[in-house]
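Colleague: Just dropping this structure here.
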């Protein structure tokens with residue numbers, strides 16, 4: 001028996017596991033290692049603060065997202081030993097593999113930002129990259145009546161590089177539908193000099209970037225965020 005082992009059962013790891021399990025020959029096993037009992041669909045966090053979907057749609061039991069053909073190992077990964085073709089999981093247990101996929105993703109660490117923001121953290125300073133952060137931002141946006149909304153883009157890489165731009169589109173649509181767009185100032189965000197991938201679009205005021213005729217800003221942003229299959233963008 002040959003073994004395909006996938007480290008991480010986020011969106012990428014889950015898709016690889018389910019698709020490969022349908023196509024591999026009978027002498028292959030497919031295993032996923034992830035300690036979390038629930039799967040959080042992170043691309044959907046960008047639209048959660050604006051009420052386009054409830055939080056319940058973004059979280060599912062891990063077992064419900066994996067094919068019955070996939071073996072889910074609910075343990076943490078301790079180490080990888082490529083010279084022996086094995087991963088060490090749980091309480092120092094070796095897991096042999098013939099092929100290994102590392103889909104561990106990136107961990108959001110906002111401790112430094114929270115420390116700098118102090119009492120303003122999750123009151124007027126927010127991040128939409130965690131479920132708790134997106135829910136706090138949703139509450140703040142519901143209280144928002146007028147003022148300035150600033151989206152900052154740090155010099156370091158961010159998860160989902162299109163997310164800040166999608167956020168601007170969604171904010172523009174959100175305030176327009178609430179009838180307070182004229183009282184909400186949304187300046188373009190700044191891009192670090194060493195990474196100008198977003199410069200051409202980010203330099204334009206929010207709501208004025210090019211979008212397909214007949215599509216709302218929310219539909220464009222939803223289309224760009226690779227949402228659940230039942231969420232569709234309509235003209």
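Colleague: Measuring from label point to label point, each 7 Å out along Cα→Cβ, what is the residue 150 to residue 2 span in nm?
Modeller: Label-label distance for residue 150 and residue 2, simple model: 5.5 nm.
Colleague: For labels at residue 115 and residue 59 in the simple 7 Å Cα→Cβ model, what's the distance in nm?
Modeller: Between residue 115 and residue 59, the label points sit 2.8 nm apart.
Colleague: To continue, here is another question. On a full-extension model of 0.36 nm per residue, what is the gain between residue 100 and residue 40, subtracting their alpha-carbon distance, rounded to one decimal in nm?
Modeller: Computed gain between residue 100 and residue 40 is 19.3 nm.
Colleague: How fast does region 2-102 diffuse by Stokes-Einstein, in µm²/s, taking the Kirkwood radius from C-alpha pairs at 20 °C and 1.002 mPa s?
Modeller: Taking Rh from Cα pairs, D becomes 148 µm²/s.
Colleague: Now for a different question. Over region 98-182, consider all pairs of different Cα atoms and compute the Kirkwood hydrodynamic radius from their mean reciprocal separation; express it in Å, one decimal.
Modeller: 14.8 Å
Colleague: Stretch residue 138-residue 67 to full length: gain in nm at 0.36 nm per residue minus the Cα-Cα span?
Modeller: Extra length available between residue 138 and residue 67 comes to 22.3 nm.
Colleague: Based on the alpha carbon coordinates of region 46-107, what radius of gyration and maximum Cα-Cα distance (Dmax) apply, in Å?
Modeller: Using the Cα atoms of region 46-107, the pair Rg, Dmax is 16.3, 49 Å.
Colleague: Return the distance in nm (one decimal) between the two label points of a simple spin-label model at residue 75 and residue 28, each offset 7 Å from Cα along Cα→Cβ.
Modeller: My value for the distance between the label points is 2.3 nm.
Readers should treat all values here as calculations from the given coordinates under stated rules, not as data from a laboratory. Quick caveat: nothing in here was measured; it's all calculated off a predicted structure. Note that each Cβ is placed from the backbone with ideal geometry, even for glycine, and that neighbours are counted across all protein chains shown.
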